[in-house]
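Throughout, read-outs are computed from the coordinates displayed, never taken from laboratory work. Note that the structure is a prediction, hence the values are computed from the model and not measured. Glycine gets a Cβ as well: all are built from the backbone with ideal geometry, and neighbour counts include every protein chain shown.
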Amino acid sequence: MSRLTEGVNGLSMVHLVCGSSTADIYLLGGTVTSWRYNGEEKLFVSSQAIYNGVKAIRGGIPLVFPQFSQPLKEMPQHGFTRTSKLDLQDIVSSETSSQVIFTLTHNDSTLAVWPHKFQLFYVVTLSSDSLTSKLTIVNVDKEPFKCHTLLHSYLSVPHISSISVKGFKGYTYIDKLTNSSIEEPEEECEVNQEVDRVVLAQIDKPLSPVTVIDRVTKTPLIEVNTICTYNNQPIPFDVVFWNPWIEKAKALADLGDEDYLKYVCIEPGTVSNWVDVDSDGVLVLQQTLRVI
Ligand code: BG6
């Protein structure tokens with residue numbers, strides 16, 4: 001049964017059940033740490049992840065808001081949401097889905113690093129073959145603000161050498177490693193070295209779906225479908241494509257040395273440009289992961 005329970009180190013988490021599928025979502029950051037389909041784990045969490053209620057959990061689906069990377073130095077990298085404790089509002093189950101609803105409202109510590117009033121809603125919906133993460137940001141301030149949003153999804157793969165990623169051909173990406181801008185020529189992108197790219201939004205050509213496929217059999221493994229809207233109108237979104245490879249994995253204290261072989265990050269979001277959110281404006285970023 002779907003319920004509020006305790007996870008690692010007694011941290012509060014919600015366990016969702018829908019048929020034979022399950023999902024775990026920590027109140028810390030609203031981080032989804034597990035999505036099991038037919039008993040098989042589809043998300044990756046680091047073998048060295050730290051569950052101390054303060055540090056962001058390394059893996060699953062951390063929420064990135066209000067900034068991606070660290071353009072504003074007074075705020076931590078990827079914003080404060082992934083280290084904030086979200087408020088649990090409700091757990092709702094039906095025959096076809098199970099859902100949890102969280103909120104986060106500006107408070108003294110968020111205002112200290114980002115002086116804007118916001119209301120965040122985060123709804124995670126588990127169905128028998130999909131997991132939907134819907135992040136809604138409402139500007140409850142009198143003034144407009146600018147923000148980034150991103151769903152930092154760590155997708156579990158059997159072995160990094162056995163998969164490729166489809167859906168980027170013809171899109172321009174910023175290679176964060178060389179700071180260059182490149183048009184993707186490949187139908188399928190393999191990961192055989194460090195990859196850190198922001199694949200750029202295109203108006204009228206959404207970056208959806210992006211599919212992780214088995215490189216040999218060409219079978220799709222997981223499909224990432226994204227929708228992004230501002231005041232109910234579709235807006236363009238980017239997709240970050242990341243794997244730290246050998247040296248960066250070693251440098252990350254909360255990532256096992258061999259863990260880079262076990263995942264690929266496909267992270268839809270609005271990060272290449274700030275989104276201007278007017279007073280009462282509503283920005284929605286929704287990702288659906290589906291097993292094919
Ligand atoms: C990705 C970024 O989204 O997140 C990378 O593109 C970054 O540059 C990675 O290294 C992990 O970030 P963090 O803050 O969780 O270590």
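A few notes on this one:
- Residue order, fewest to most surrounding Cβ atoms within 10 angstrom, among Met13, Met75: Met75, Met13
- For the residues Asn243, Asn139, Asn273, a GNM of the chain with alpha-carbon springs under 10 Å puts the largest fluctuation on Asn273.
- Calculated from the alpha-carbon coordinates, the chain shows an Rg and a Dmax of 18.0, 54 Å respectively.
- Rounded, prolate or oblate (a/c below 1.5 giving rounded, otherwise prolate when a/b exceeds b/c) for segment 136-292 by Cα gyration tensor: prolate
- Exposed loop positions in the chain were taken to be GluC sites (Glu not before Pro) whose DSSP state is not H, G, I, E or B and which have at most 15 other beta-carbon atoms within 10 angstrom. Between these positions, the longest stretch is 96-185.
- Straightening the chain between Thr219 and Gln202 buys 3.4 nm, computed as 0.36 nm per residue apart minus the Cα-Cα spacing.
- Quarter of Cα convex hull surface for segment 19-59, i.e. mean projection, nm²: 3.0 nm²
- Spin-label zone in segment 102-125 - amide nitrogen under 18 Å from a point set 7 Å from the Cα of Asp90 along the C-beta vector: 102-105, 120-125
- Computed extension gain for Glu187 through Trp274, at 0.36 nm per residue and net of the alpha carbon distance, reaches 28.4 nm.
- Contact order relative to length of segment 68-195, as percent, for alpha carbon pairs under 8 angstrom and 6 or more apart: 14 percent
- Ordering Ser46, Ser128, Ser12 from the fewest to the most neighbouring beta carbons within 10 Å gives Ser128, Ser12, Ser46.
- Approximating the spin labels as points 7 Å out from Cα along Cα→Cβ, the Ser69-to-Thr229 distance works out to 3.0 nm.
- Surrounding net charge for Gln99, when Lys and Arg each add one and Asp and Glu each subtract one, Cβ distance under 15 Å: -1
- Computed [θ] at 222 nm, helices only, for the chain once each DSSP H run of length n ≥ 4 contributes -39500 (n - 2.57): -1000 deg cm²/dmol
- Pairs of Cα atoms nearer than 8 Å and 6+ residues apart set the relative contact order; for segment 172-292 it is 27 percent.
- The chain - percent relative contact order, Cα under 8 Å, separation 6 or more: 18 percent
- For segment 54-182, the square roots a ≥ b ≥ c of the C-alpha gyration tensor eigenvalues yield an a/c of 1.5 or more together with a/b not exceeding b/c, which makes the shape oblate.
- Pair Lys146, Val113: separation of 7 Å Cα→Cβ label points (nm): 1.9 nm
- Taking every lysine pair in segment 143-254 that is 8 or more places apart or spans two chains, those with Cα atoms closer than 26 Å amount to 12.
- Anisotropy class of segment 186-253 from Cα gyration tensor, a/c 1.5 cut: oblate
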